[in-house]
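Notes to accompany the following structure.
Please treat every number below as a calculation from the coordinates, not as lab data. These numbers were taken from a predicted model, which means no experiment stands behind them. Note that each Cβ is placed from the backbone with ideal geometry, even for glycine, and that neighbours are counted across all protein chains shown.
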Amino acid sequence: MAAHSAVLSMSKIINPFWGGRLGNTVKVFGTTLTSHRNKTLRSVSELDCLCGSMQLITYEMPPLQPPPAKYGGRHTVTLIPGDGIGPELLNHVKEVFRFSCVPVDFEVVHVNSALESEDDINNAITAIRRNGVALKGNIETNHTMAPSVKSRNNLLRTSLDLYANVMHCQSLPGVQTRHKNIDIMIIRENTEGEYSSLEHESVSGVVECLKIITRNNSLRIADYAFRLAREKGRSRVTAVHKANIMKLGDGLFLQCCREVASGYPDITFDSMIVDNTTMQLVSKPHQFDVMVMPNLYGNVVSNVCAGLVGGPGLVPGANFGRDYAVFETATRNTGKSIAGRNIANPTAMLLAGCMMLDHLKLYEYASMIRNAILTTMNETRLHTADIGGQGTTSEVVQSIMRNIQ
Amino acid sequence: MAGKAWRSSILNLLRQWGLSLNGKDKIKAQEVSRVVGALMKDTPQPRTFTRGIQTVTLIPGDGIGPEISTAVMEIFDAAKAPIQWEERNVTAIQGPGGKWMIPPDAKESMDRNKIGLKGPLKTPIAAGHPSMNLLLRKTFDLYANVRPCVSIEGYKTPYTDVNLVTIRENTEGEYSGIEHLIVDGVVQSIKLITEQASQRIAEYAFEYARNNQRASVTAVHKANIMRMSDGLFLRKCREAAENHKDVKFTEMYLDTVCLNMVQDPTQFDVLVMPNLYGDILSDLCAGLIGGLGVTPSGNIGANGVAIFESVHGTAPDIAGKDMANPTALLLSAVMMLRHMGLHGHAKKIETACFDIIRDKKVLTKDLGGNSKCSEFTGAICQRVRDLD
């Protein structure tokens, strides 16, 4: 206890000068530690016996983010079931959380994608503003509807200004893939770029779609990428672009990345054109460390990387804004064709739940559930159909719950 | 009657008329098939078969371009392909009015011959003129870029059994080059999709599928986000699908295609898409089979013009050292032969090339061996002669 208060008072003194860049490694001995607004806390849990010294680094939010709402020791999190396999997977998440006695209450908000009015999604956005954190399934966008009906997921991201989409692709030893030992972090700008949804038909038969790149957003995402790279101890950041063709747009993005890079001399910065990037990813993926890119290239690259490590059912993703965080699967699939058949892979959604628990600073629960998932994947090797096994979703979830005990 | 029945009846008729089938005036059965095929199909054959020598414009290019062009010419010589080469150089010159263009003799040669084979062209940075590839594209209105990606047996990659074709719209889309600085710090890039270009590429994709016995065409899009632009592209694809009921048509989101491509590339056949997605996906597929050094590519233009090219760079570091790998240009030339209808020669040269790579005795450095380019070429020439 004395050690704790000493550390606390030390950080109270140091923090105003260093503005939150101080990284403390403080072991949490089961007591809660009230955190200051700008203090970063990192805890590293090491799994020795079961998974053969695999180091798990918990995800944390960068500084400048307010602590999530916490009433009576329990957190409230917005849950948006979405379409397709979203509802069933999120039910499993709720099951696992209840089983592990995680102090999180879910506020379920349904969004009906078939309706044209935006009331549903606005309700969801208000709920997230209230709670600060959300866990969501993908909401389907019917692209045969009129262009005025915007994608719900996109609306959510832009209204809450969730500017960074972070995805950590790590090969799991128990999953059979063509490439082994991949470890790539992808940071994708989440609000502008090609996803601005600004289109018009100036002349009949000619459609223009605008891609917007702004200096502010590019600087913001580059800064986020470098900060995250530094916090995770990564050595290289690669910017992915197409500035040889889109000289102004991607040129601005690249320039912002270079500017930010100059402020982080300990991290190497290089850039690569997007078509070369995809080619390198399928032949030599181990050359990549952290990648930062605008919206559309982020879509392509994140899907390629997800495919490389084993598929959409394995990788969780997070969307961070200044004030809010929304967690989902990395590749944002609705999985309509496998909905309701008990064959979907719950890993991605469960790992997204663990990321959320880390964000809420419930590190012990997060590591407990994560270890159970990894044991099922790597030791027991109970896999669902998408990674070549024969298990059903419920069997996998049961196995995970057994491992938690 | 079926094609074969027509063919045998015509052959019998010719025999009756006394036209020799095995003598000096050899009428090959394939020729009869070709004519029957042309008569049976509604659309004209891509290249009407002439029994004479076909002239092709050859643009050697820069860097390793001349070496690999020579290699290809040697191999074609050994295969006795009825091709006559007309070499031209392409550099950017400024015409009257300040507009950049290619030399007039190159343009005239291409317009006359309609078929071209091009090596890698270098674009010096800050040269003041647009890239050479862009100039060629604009000059001949090369609207479709076709890249067949087939796994090469001797060249091991983590992906086997890849057999797909990417057809990419080459003129508009995200690469229209229209950009504005709206206010300081805000840049807008315009992606242009037109009905005419989308229709043209969709029609071409289905024609290609039909002519090359491909079972399905998949349109790749992102219409959930770019509703109007990719929506227009999709509509045109659907309309073209209506006119070609024999080819299966599916639509798939770009991210789903990327995800599935790296997990199981065998599920794809022909992919058609706008410019940016095409750029990324075609390079992704090239990476699956082993990179740009072994990938052929063809550009189809309006007015029957077609330019086949190797898409790798000029490799100035190995230029002139007899180390280059001519496979990409060779396979593009084989694509060219198929486009012209010379399937027999195409098969012979392609088989020889794949056999040599599979044998692994004589391979250039990038394929994992340490032979010279001339040795590699020599081996292929020898195999071609043996196959005769």
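Need one number: nm distance between label points at B:D246 and A:R322, each 7 Å from Cα along Cα→Cβ, rounded to one decimal.
6.2 nm
Scan around B:Y143 for amide H atoms under 5 Å from its own, H built in the peptide plane at 1.01 Å from N, and keep only partners 5 or more places away or cross-chain.
Long-range HN contacts for B:Y143: B:I300, B:G301, B:A302.
Decide, for region A:263-349, between rounded, prolate and oblate: order the square roots of the alpha carbon gyration tensor eigenvalues as a ≥ b ≥ c, take rounded if a/c falls under 1.5, and otherwise choose prolate if a/b is larger than b/c, else oblate.
oblate
Which residue, A:I184, A:L296, A:V206, has the largest displacement toward the positive end of the dipole of region A:178-309 when charges sit on each Cβ (Lys, Arg +1; Asp, Glu -1)?
Checking the options against the dipole of region A:178-309, the answer is A:I184.
Mind putting a number on the dipole of region A:178-309 about its Cα centre? Charges go on the C-beta only, +1 for Lys and Arg and -1 for Asp and Glu, and I need it in Debye to the nearest 20.
520 debye
Count the DSSP beta bridges whose two residues both fall in region A:178-309, then state the antiparallel fraction as a percent rounded to the nearest 5.
30 percent
Tell me, what is the percent relative contact order of chain B, built from C-alpha pairs under 8 Å that lie six or more residues apart?
That works out to 20 percent.
Hand me the GluC sites (Glu not before Pro) from region B:122-209 located in a DSSP loop with no more than 12 other Cβ atoms within 10 Å, in residue order please.
Sparse-neighbourhood loop GluC sites (Glu not before Pro): B:E153.
Quick one: net charge of A:L248's neighbours, Cβ under 11 Å, K/R +1, D/E -1?
0
Over all distinct Cα pairs, what is the inverse of the mean 1/r for chain B, reported as the Kirkwood hydrodynamic radius in Å?
Final number for the Kirkwood radius of chain B is 22.4 Å.
Using the Karplus curve 6.51 cos²θ - 1.76 cosθ + 1.60 with θ = phi - 60°, work out ³J(HN,Hα) for each residue of region B:188-198 in order, rounded to whole Hz, and write x for Gly and Pro.
10, 10, 9, 9, 10, 10, 10, 4, 5, 5, 5
Relative to the Cα centre, what is the charge dipole magnitude of chain B, using +1 at the beta carbon of each Lys and Arg, -1 at the beta carbon of each Asp and Glu, and rounding to the nearest 20 debye?
That gives chain B a dipole magnitude of about 1300 debye.
List A:L89, A:L198 from most exposed to least, where exposure is judged by having the fewest other Cβ atoms within 10 Å.
With the sparsest Cβ surroundings first, the list reads A:L198, A:L89.
Which ³J(HN,Hα) values, rounded to whole Hz and listed in residue order, are derived for region A:146-152 from phi using the Karplus coefficients 6.51, -1.76 and 1.60 in 6.51 cos²θ - 1.76 cosθ + 1.60 with θ = phi - 60°, glycine and proline given as x?
4, x, 6, 8, 7, 4, 5
Expressed in whole Å with the largest first, what are the equivalent ellipsoid semi-axes of region A:178-309 derived from the C-alpha gyration tensor as the square root of 5 times each eigenvalue?
Working from the Cα gyration tensor, I get semi-axes of 27, 19, 12 Å.
Could you work out the equivalent-ellipsoid semi-axes for region B:241-388, taking the square root of 5 times each eigenvalue of the Cα gyration tensor, largest first, in whole Å? It would help to have the intermediate numbers written out before the result.
Values: eigenvalues 185, 77, 49 Å².
After diagonalising the Cα gyration tensor, the semi-axes are 30, 20, 16 Å.
What is region A:201-254's relative contact order, in percent, from Cα pairs under 8 angstrom and six or more apart in sequence?
Relative contact order of region A:201-254: 38 percent.
Which cross-chain or sequence-distant (5 or more) residues have an amide H under 5 Å from the amide H of B:L121, H modelled 1.01 Å from N in plane?
Under 5 Å from the amide H of B:L121: B:D62.
Give a residue-ordered list of calculated ³J(HN,Hα) values for region B:250-264 (Karplus: 6.51 cos²θ - 1.76 cosθ + 1.60, θ = phi - 60°; whole Hz; x for Gly, Pro).
9, 10, 8, 5, 4, 5, 5, 4, 4, 4, 6, 4, 7, 8, 8
Would you mind counting up the charge near B:L142? Only other residues with Cβ under 12 Å from its Cβ, with Lys and Arg at +1 and Asp and Glu at -1.
+2
Provide the FRET efficiency to the nearest 0.05 for the A:D266-A:V108 pair, computing r from the beta carbons and using R0 = 30 Å.
Working from the Cβ atoms, E equals 0.10.
Stokes-Einstein D for region B:176-300 at 25 °C, 0.890 mPa s, Kirkwood Rh over Cα pairs, in µm²/s?
155 µm²/s
For B:S371, what residues show an amide H to amide H distance below 5 Å, using hydrogens built from the backbone and excluding near sequence neighbours?
Amide H neighbours of B:S371: B:L363, B:T364, B:K365.
Quick one: compute the contact order of region A:178-309, relative version, from alpha carbon pairs under 8 angstrom and 6+ residues apart, as a percent.
38 percent
Which of B:R338, B:R238, B:R168 comes first, and how do the rest follow, when ranked by fewest Cβ neighbours within 10 Å?
Ranked by crowding around the Cβ, least crowded first: B:R238, B:R338, B:R168.
How many percent of the alpha carbon pairs in region B:88-165 exceed a separation of 15 Å?
So the portion of pairs separated by more than 15 Å is 67 percent.
Under a Cβ-Cβ cut-off of 13 Å, what is the net charge of the residues other than B:A106 that fall near it, where Lys and Arg count +1 and Asp and Glu count -1?
Taking every Cβ under 13 Å from that of B:A106, the sum is -1.
Ranking A:T278, A:T177 by Cβ neighbours within 10 Å, fewest first, what do you get?
Listed from fewest to most nearby Cβ atoms, that is A:T177, A:T278.
Length gain on complete extension for the stretch B:N211 to B:K365, per 0.36 nm per residue less the alpha carbon to alpha carbon distance? Working shown, then result.
Details: separation 154, 0.36 × 154 = 55.44 nm, distance 3.59 nm.
The B:N211-B:K365 span can extend by a further 51.9 nm.
I'd like the isolated cysteines in chain B, meaning no second cysteine's beta-carbon lies under 4.7 angstrom from theirs.
When partners are defined as cysteine Cβ atoms under 4.7 Å apart, chain B leaves B:C237, B:C258, B:C353, B:C373, B:C381 without one.
Return the subset of A:K94/A:K336; A:K247/B:K114; B:K107/B:K245 for which the Cα-Cα distance in this structure is over 31 Å, preserving the input order.
Correct reply: A:K247/B:K114; B:K107/B:K245.
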